[in-house]
Amino acid sequence: MKCRQCGKQAVVALRAHNTALCRDDFIRYLENRVTRTISKYRLIQPGDKPIVAVSGGKDSLSLWYMLERLGYPSDGIYIDLGIDLYSATSFEKAKQMAKKLGRKLFRYSLSESFEKGVEELSRTVRRPPCSLCGSMKRYLMNRICMDHGYNVLATGHNLDDEASALFGNVLYWKREYLGKKGVALEADEDHLARKVKPFFLCSEKEVGAYAVLEGIDYVYEECPYSVKAKTIMYKGVLNRMEEHSPGTKLQFVKGYLEIAWPGRDEAKASRTYCATCGYPSYGEACSFCRMTERFGRLQPLKAKLFDPSDDAGDGAASGGGA
Ligand code: Q46
Ligand code: ZN
């Protein structure tokens, strides 16, 4: 198989794009696509201060690394879920990348803040671990952005993540989530960072190939709770469709952006603010404040800072009260 650009040996075949490419041309090809996504949807603009939500997996570490290469230098946020070896290894990988890029990494630990990891906390509030985790991560990441002066939060969600989430939302017609699945969610200067997904149109396979070809050292294991997620089942269904008709996922997601995505501003009209922390909520108190009250350990929200330029490493950086 020859590279369609230069005729050298191809290392990646992209059936959805009907092409095959060598290492260098593939990297250029994927980076160009991400650059176009960033510029078309104005994900990161001059003067922005972006930060990447880093989990230690291939998507978020590749995104952090690629943004640096494309001229969008960013710091990182890592939320430690307190899942034994998985969390410890993930944080190590995130720290390694922070060192490689020379960028700051904020770490917020559930166990250090509440003396319990995600599983025990989820039992306390009788919610499935992923539901609690998603809700806490959303709040914490946004809060750390705001507390430390970042206005753009970039996540490593890829085409497969988006297609499977969209599939589930359409299947059960969850209209309230449909508008929130776009490539960018608009900011509210004082309370919400702009949430952006530069890998929105890049498949899991493409991002995985990029990580391997660029020598990015990421955690291979998935979060142990991910096996229970319904999206895994949807990904399986979509992969079978993709196998049969390459390009199906891309068409599905692109069609959503063009036809059904209401744009960034839809949620603004109905937004209310939490009486405890002042951040957006759907009731008098936001779900983070309601949950932390039940954990019984209300305290100032603190993220530790790992700064590779500082020899001491783990200095503390604190935000406001929760
Ligand atoms: S990290 Fe959290 Fe995922 Fe693990 S507990 Fe579930 S939601 S699976 S992205
Ligand atoms: Zn609150």
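The values are calculated or read from the model by the stated rules, or taken from the named source; none is laboratory data. Keep in mind that what you see is a predicted model, and the values were worked out from it rather than measured. All Cβ positions, glycine included, derive from the backbone under ideal geometry; neighbour counts span all protein chains shown. The protein model used for the area step is the full one, side chains on, heavy atoms only, and it has no ligands, DNA or RNA in it. Shrake-Rupley method; radii C 1.70, N 1.55, O 1.52, S 1.80 Å.
Things worth noting here:
- Averaging the sequence gap over all C-alpha pairs within less than 8 Å and six or more residues apart, then dividing by the number of residues, gives the chain a relative contact order of 20 percent.
- Between 0 and 90°, nearest 10: helix 204-213 axis offset from the chain longest Cα axis: 80
- Helical contribution to [θ] at 222 nm, DSSP H n ≥ 4, -39,500 (n - 2.57), averaged over the chain, rounded to 500: -13000 deg cm²/dmol
- Placed amide H near S203: partners under 5 Å, 5+ positions off or other chain: L159
- Sequence of W173, W64 when ordered by accessible area, the most exposed leading, probe 1.4 angstrom: W173, W64
- Heavy-atom accessible surface of the chain, averaged per residue, reaches 50 Å², computed with a 1.4 Å probe.
- Residues with amide H under 5 Å from that of F106, placed H, sequence gap 5 or more: G76, I77, Y78, F306
- Simple spin-label estimate for E189 and R127 in nanometres, 7 Å along Cα-Cβ: 3.1
- For T276, the residues whose amide H sits under 5 Å from its own are C286, ignoring neighbours fewer than 5 places away on the same chain, with H placed 1.01 Å from N.
- For the stretch 153-166, 3J(HN,Hα) per residue [Karplus equation, 6.51 cos²θ - 1.76 cosθ + 1.60, θ = phi - 60°, Hz, x = Gly/Pro]: 10, 9, 10, x, 4, 10, 4, 5, 4, 5, 5, 6, 5, 5
- Beta bridges per DSSP with both ends in the chain, % antiparallel, nearest 5: 55
- Whole-Hz couplings from phi, Karplus 6.51/-1.76/1.60, listed for the stretch 172-186; x for Gly and Pro: 9, 6, 8, 4, 5, 9, 4, x, 9, 9, x, 7, 8, 10, 5
- Residues in the stretch 54-73 that a label on T89 would reach, taking backbone N under 20 Å of a point 7 Å out along Cα→Cβ: 54-63
- Using only alpha carbons, the chain has a radius of gyration to Kirkwood radius ratio (Rg to Rh) of 0.96.
- Extension gain for K180 to L70 (0.36 nm times residue separation, less C-alpha to C-alpha distance): 37.0 nm.
- Per-residue SASA entry for V212, accessible area with 1.4 Å probe, Å² rounded to 10: 100
- Relative to the longest principal axis of the Cα atoms of the chain, helix 129-147 runs at roughly 80 degrees.
- Accessible area of the chain belonging to carbon and sulfur atoms, whole % at 1.4 Å probe: 50
- The stretch between R28 and V237 holds 72.2 nm of extra length on full extension. This uses 0.36 nm per residue minus the Cα-Cα distance.
- Relative to the dominant Cα principal axis of the chain, helix 230-244 is inclined by about 10°.
- Here each label is just a point 7 Å from Cα along the line to Cβ, and for S226 and D147 those points are 2.7 nm apart.
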